[in-house]
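The values are calculated or read from the model by the stated rules, or taken from the named source; none is laboratory data. Note that the structure is a prediction, hence the values are computed from the model and not measured. Here the Cβ positions follow ideal geometry from the backbone for every residue, glycine too, while neighbour counts run over all protein chains shown.
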């Protein structure tokens, strides 16, 4: 069974005037959910994350600051806004990841997708940025560690932009392995090859900075050549996904060439890894994606893969670009002291 979390409160995080991160993103996704065969889907109600849970990742003073914005409208930085109900949406977005984590751990569902906003992977310990208020996926990972004692979690981030907040949350530890594919150079300017973690976390941050224009075959090549061998050695107990869809070829903020088929293929890889390594425990959390029609198409494809775990042609040869091959070689060089390729 696939768990889906959706909530009307996520539509109440509203910009003043035009902003690419707006309620139409989720409305578009929610509109295609009835087209999915309901067999195999379970809708799970979200809840509010507590301040204690938010403080697993964020400074308590920062949590209280975001809470103080309730009922107001302001800019927190040039890209990031709050509206009167943004705080309510944000605590339920983090709570959605928590309740879905519980549902997976208790065996109520096998995997799931938290269809939330505002997104989270740019949010730092004491700073909102990049459209993000609270780091939903990082809070969920720490919740899994604290409540269930999970020792090895992998966070896979295929958003177009590097998840600086998630990386920094776990940069000095090995209990969470962070893997990111992202367009580089691009916002927020982090995620270069040499960012591999520090102290006991060295080797547990894996950045794959990709050049403009990378497409389906490049991404599949990266996942097969880098992610597969690393996760097969790390053996995570739970896989989380920062699922951003702004690498879609029609995205107005992006410069990549992924199609809905590409997202389907990389989800098949992730699902196969979860079934092999951690009893199918796979939790996707919505991040970016700003072509509303394409976003809905891609999310629908991902959910269809989560529902149908058979017939995954994972060993199909790919024809990656020379730039992708070069990047993979450079990543392997940086990480060869820690992993076998």
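Tabulated results
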item	result
Check on residue 165, in a helix (DSSP H, G or I), touching a helix residue (DSSP H, G or I) at 6+ places or on another chain (Cβ under 8 Å), modelled with pLDDT of 95 or more and closer than 27 Å to residue 52 by Cα	yes
Within region 131-168, tally of residues that are on the phi > 0 side of the Ramachandran plot and crowded, with 24+ Cβ neighbours inside 10 Å	1
Residue pairs meeting the criteria (Cβ under 6 Å; at least 6 apart or on separate chains; first surrounded by fewer than 18 Cβ atoms within 10 Å (Cβ to Cβ), in region 40-54; second part of a helix (DSSP H, G or I) and at pLDDT below 95)	40/307
Yes/no for residue 59 being buried (at least 18 other Cβ atoms within 10 Å of the Cβ), farther than 24 Å from residue 15 by Cα and modelled with pLDDT of 95 or more	no
Considering residues of region 223-250 that are more than 26 Å from residue 102 (Cβ to Cβ) and under 17 Å from the mean Cα position of the chain (by Cα) only, the residue surrounded by the most Cβ atoms within 10 Å (Cβ to Cβ)	247
Residue satisfying condition, being crowded, with 22+ Cβ neighbours inside 10 Å, under 30 Å from residue 107 (Cβ atoms) and touching a residue at least 60 places away in the same chain (Cβ under 8 Å), within set 306, 265	306
Positions within region 76-91 being more than 20 Å from residue 115 (Cβ to Cβ) and under 24 Å from the mean Cα position of the chain (by Cα), in sequence order	76, 77, 78, 79, 80, 81, 82
Residues that are surrounded by 24 or more Cβ atoms within 10 Å (Cβ to Cβ) and assigned to a loop (DSSP other than H, G, I, E, B), drawn from region 169-201	191
In region 202-222, the residues that are in contact with a strand residue (DSSP E or B) (Cβ under 8 Å, 6 or more places away or on another chain) and outside any loop (DSSP other than H, G, I, E, B)	205, 206, 207, 208, 209, 210, 215, 216, 218, 219, 222
All positions within region 117-130 that are under 16 Å from the mean Cα position of the chain (by Cα), over 15 Å from residue 5 (Cβ atoms) and part of a loop (DSSP other than H, G, I, E, B)	121, 122, 123, 130
Members of region 100-116 that are touching a strand residue (DSSP E or B) at 6+ places or on another chain (Cβ under 6 Å) and assigned to a loop (DSSP other than H, G, I, E, B)	109, 115, 116
Check on residue 253, in contact (Cβ under 8 Å) with a residue 24 or more places away in the chain and surrounded by fewer than 19 Cβ atoms within 10 Å (Cβ to Cβ)	yes
